[in-house]
Amino acid sequence: MTSAAPLTATIVLAAGGSSRFGAPKQAAPVDGRPMLTGLLERLTGSAPQPRVVVLGAQAELIGDLVPRGEWSVVINKDWATGIGSSLQAGLAAAPIAEQVLVVLGDLAWLQAEAIERVVQRAQVSNADVVRAFDGDLPGHPLLLRGAALIAARSQSGASGMRPLLGQLSVDRVECDGLGVARDVDQPGDLLQPQG
């Protein structure tokens, strides 16, 4: 008798205020589409359900960019306290998830193949964290379970999981060229060639 696959939720963190960008970067055009819309559309076929997008700053404007029916929206009223509060809001929306796939909403060129690679590796890995890497650069998605998920549910503040990742077992998934470590912080980031 085979055991059922663990319930996996996908959480996209898109609540930030885009202070370095100077405008809501989630709405910035990338390949003719708002960045967040394009990201969510690319991930819909690969991202496990339930799928949650966490919004905060300018949530009403950004919420219009989310493809309804495929993704549910959670509003983090404490978004200004840091990414940890957004992760908490997303986790609260998926309380029975046994593992959680976390994606940043400003990964303008993240490809669905990265999601697929991380989810596939998680099926054979015993690590608490399964994380996409581009060369030596850690990126997203990262899948949290076991001790990592327990720790994530108790974290908050600006750093989110960063302080704990060095203490947990991490399985690296090579995702070179799949946009896993190329986030958008400033307008000039959109002008740099992909690669």
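What follows draws every value from the coordinates through simple rules; no lab data is involved. Source: prediction; values computed, not measured. With ideal geometry, Cβ positions are generated from the backbone for all residues, glycine too; neighbour counts draw on all protein chains shown.
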- Relative contact order of the chain: what whole-number percent is it, with Cα pairs under 8 angstrom and at least 6 residues apart? 25 percent
- With N set to the residue count of region 1-116, report its C-alpha Rg divided by 2.2 N^0.38 Å to two decimal places. 1.05
- Item | Net dipole in debye of region 19-64 [+1 Lys, Arg Cβ; -1 Asp, Glu Cβ; about Cα centre; nearest 20] | 160 debye
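Express as a percent, rounded to the nearest 5, the fraction of DSSP beta bridges in region 53-145 (both residues included) that run antiparallel.
Numbers: 9 of 14 bridges.
Around 65 percent of the beta bridges assigned by DSSP in region 53-145 are antiparallel ones.
Could you compute the net charge surrounding residue 53? Neighbours are other residues with a C-beta less than 13 Å from the C-beta of residue 53; K and R count +1, D and E count -1.
-2
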- Message: Restricting to bridges with both residues inside the chain, how much of the DSSP beta-bridge set is antiparallel, in percent to the nearest 5?
- Response: 35 percent
- Item | Check: region 8-190 dipole with +1 on Lys, Arg Cβ and -1 on Asp, Glu Cβ, in debye | 360 debye
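Quick one: compute a quarter of the convex hull surface over the Cα atoms of region 37-195 and quote it in nm².
Working: hull surface 36.1 nm².
Average of the hull's projected areas for region 37-195 equals 9.0 nm².
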- Treat the count of other C-beta atoms within 10 Å as a stand-in for reagent exposure and order 46, 154, 169 from fewest to most. 154, 169, 46
- Measure off 7 Å from each Cα along the Cα-to-Cβ vector at residue 41 and residue 153, then give the distance between these two points in nanometres to one decimal. 3.6 nm
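Report the antiparallel proportion of the DSSP beta bridges in region 96-195 as a percent, rounded to a multiple of 5. Walk me through the numbers before you get to the answer.
Details: 9 of 14 bridges.
DSSP beta bridges in region 96-195 are roughly 65 percent antiparallel.
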- Item | Calculated FRET value between residue 176 and residue 20, using beta carbons and R₀ = 25 Å, to 0.05 | 0.45
- Message: How would 189, 106 line up from fewest to most surrounding beta-carbon atoms within 10 angstrom?
- Response: 189, 106
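Going by C-beta contacts inside 10 Å, put 43, 149 in order with the fewest on the left.
By the 10 Å Cβ count, ascending, the order reads 149, 43.
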- Note down the nm distance, to one decimal, between modelled labels 7 Å out along Cα→Cβ at residue 191 and at residue 78. 3.9 nm
